[in-house]
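Enquirer: Would you mind keeping the following structure in view while I ask a few things?
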Amino acid sequence: MTTGVRQALAKPSALTWVRIGLLAAGLLCVATGLLPRDEAAANMQRIAPLLLFLGSVIVLAKLARQALVFDVIATRVAIFGRGNYLVLFVLCVVFATLTTVVLNLDTTAVLLTPVFLALAPRARIAALPLAMTTIWLANTASLLLPVSNLTNLLAANRVALAAPDFAARMWAPQLASLAATMLFLWLCYWRRDRRGEDRYLPPPPVKLTEPRQRALLWISGGACLLFIAAIPLIRDEIGYAAAGAAAVVVLAYAFLDRERLRWQLIPWELLIFVTGLFLVVPTLSRFGLSEVMTALIGTDGSALDAFRAGAAGAGLSNVVNNLPAYTAGEAVVPAANHDQLLALLIGTNVGPIVTPWASLATLLCLESCRHHGLRVSMGRFMRTGLGLAVVALAASIAALWSTR
């Protein structure tokens, strides 16, 4: 067994065992007939392209992080702010939003959060406002494109919307969500009496002295840009676009820095978690979950049912997790109720910011905070998150309904 494999499998955390257990439970459901094999096979066929996309885009993002793409951009953002917190706030929001929109919310959680937290001491920037920016925007900025969130890919497939059409339908909810997030970020974490400083010290730029480092930076950055450019052009094949971009960067590392190619780059825990969910949740739906979700969401497709769907998705996300909340809700929304389904999507994207486990992105951001020694008060986290979730959810669904 190679060193990379040993490191990937060493000392699994409690969360790792939960993910493995979920997959085992799903396989047991199929083996015992609780979930018919035909239905299980159909679910796996549906999510196979999503797993390809998810795995590829995270490998791409991790290699780009190793090439210091995100570090260079974040440092330039801080330098451009010239010590002004208001300018820095706007630039950080733009950077985190764009990362979430085009490279998936998990990229923001896994890669941008540690970049911001590492930048904070170098520039004497308050760390908590930076952390909360990535935690919240990883969720609330994930409405615009199918690639922004795994739930978006599921919803776009369900309502047959390619990336441009999906963006045309979701731009207003996304703007409403961003406006609410910026308001709460500034009032709760970024204003003078919250951050504790008047100005910050712009850091020195990141310098790459070796030609090999510069080559990896430009190749990785170029591959990310090519993937972004492909998003509006590719409909159901976005997974292949992500895999192609990741393959370019992997090939570059194979020639220039082979030792950085390790098994840990593959997000196997996330992949088995998603696979297990799509076996367990359909099984639960066959044994009563569908009736509960129908009672919560409604089926007539009215404005009231759109708000009910969003509220149910947000509430259930904070109880269990947003991905099973979406899949359970999607199963009972009538096929013709596109707006109700998109309202459910909004609830499961914008709402999971109250409890630490509500979304994988939130969990990953908080884990990065702990790793960097940043204490996040759970009382304050949940209070401010609840306020933002209520306002952003109401504003986003209202925007969706008014532009239908």
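All of the numbers you see were taken from the coordinates with simple rules; none came from a lab. Keep in mind that this is a model prediction, so the values were computed, not measured. Note that we place each Cβ from the backbone using ideal geometry, even for glycine, and neighbour counts take in every protein chain shown.
Enquirer: Applying a 10 Å radius around every beta-carbon, put 339-352, 196-209, 60-73, 104-117 in order of their mean neighbour count, most first.
Expert: The packing order, highest mean first, is 339-352, 104-117, 60-73, 196-209.
Enquirer: Rg over Rh of the stretch 233-275, using C-alpha atoms and the Kirkwood radius, what does it come to?
Expert: So for the stretch 233-275, dividing Rg by the Kirkwood Rh gives 1.07.
Enquirer: Relative to the present Cα-Cα distance, how much length would full extension add between Arg191 and Glu291 at 0.36 nm per residue of separation?
Expert: 31.4 nm
Enquirer: Let me ask something else. Taking the Cβ of each residue in Glu367, Glu259, Glu210 as the centre, tally the other Cβ atoms inside 10 Å and list the residues starting with the fewest.
Expert: Taking fewest neighbouring Cβ atoms as first place, the list is Glu259, Glu210, Glu367.
Enquirer: Once amide H atoms are built 1.01 Å from N in the peptide plane, which residues 5 or more positions from Asn337, or in another chain, come under 5 Å H to H?
Expert: Answer set, sorted by chain and number: none.
Enquirer: Looking at the P(r) of the chain, how many percent of alpha-carbon pairs lie beyond 31 Å?
Expert: Result: 37 percent of Cα pairs exceed 31 Å.
Enquirer: For Asn104, what residues show an amide H to amide H distance below 5 Å, using hydrogens built from the backbone and excluding near sequence neighbours?
Expert: Residues meeting the amide H criterion: none.
Enquirer: Could you work out [θ]222 nm for the chain from helices alone, using -39500 (n - 2.57) per DSSP H run of at least four and dividing by all its residues? Round to the nearest 500 deg cm²/dmol.
Expert: -23500 deg cm²/dmol, from helical runs alone.
Enquirer: Right, here's the next one. Applying a 10 Å radius around every beta-carbon, put 376-386, 217-227 in order of their mean neighbour count, most first.
Expert: 217-227, 376-386
Enquirer: Treat each spin label as a single point 7 Å out from the Cα along the C-beta direction, and report the Ala14 to Arg122 distance in nm.
Expert: 3.4 nm
Enquirer: I've got another one for you. Rounded to a whole number of µm²/s, how large is the Stokes-Einstein D of the stretch 308-404 at 20 °C and 1.002 mPa s, given Rh as the Kirkwood radius over C-alpha pairs?
Expert: The Stokes-Einstein estimate is 156 µm²/s.
Enquirer: Now for a separate question. Evaluate 2.2 N^0.38 Å with N set to the residue count of the stretch 24-78, then give the Cα radius of gyration divided by it.
Expert: Relative to the rule-of-thumb radius for its length, the stretch 24-78 sits at 1.89.
Enquirer: Same structure, new question: Using Cα-only point scatterers and the Debye equation, what is log10 of I(q)/I(0) for the stretch 320-366 at each q in 0.14, 0.23, 0.32 Å⁻¹, rounded to two decimals?
Expert: Taking Cα atoms of the stretch 320-366 as identical point scatterers yields -0.35, -0.75, -1.13.
Enquirer: Once phi is turned into ³J(HN,Hα) by the Karplus curve 6.51 cos²θ - 1.76 cosθ + 1.60 with θ = phi - 60°, what whole-Hz value does each residue of the stretch 324-332 show in order, with x for glycine and proline?
Expert: So the Karplus estimates, Gly and Pro as x, are x, 4, 5, 4, 5, x, 4, 5, 10 Hz.
Enquirer: At most 12 other Cβ atoms within 10 Å and a DSSP loop assignment: could you name the trypsin sites (Lys or Arg not before Pro) in the stretch 82-190 that fit?
Expert: Arg82
Enquirer: For the residue pair Ala336 and Trp263, what label-to-label distance in nm results when each label sits 7 Å from Cα along the Cα-to-beta-carbon direction?
Expert: 5.2 nm
Enquirer: Now a separate question. I'd like to compare 324-332, 178-186: which one has the highest average count of other Cβ atoms within 10 Å, and what's the full order after that?
Expert: Descending mean neighbour count gives 324-332, 178-186.
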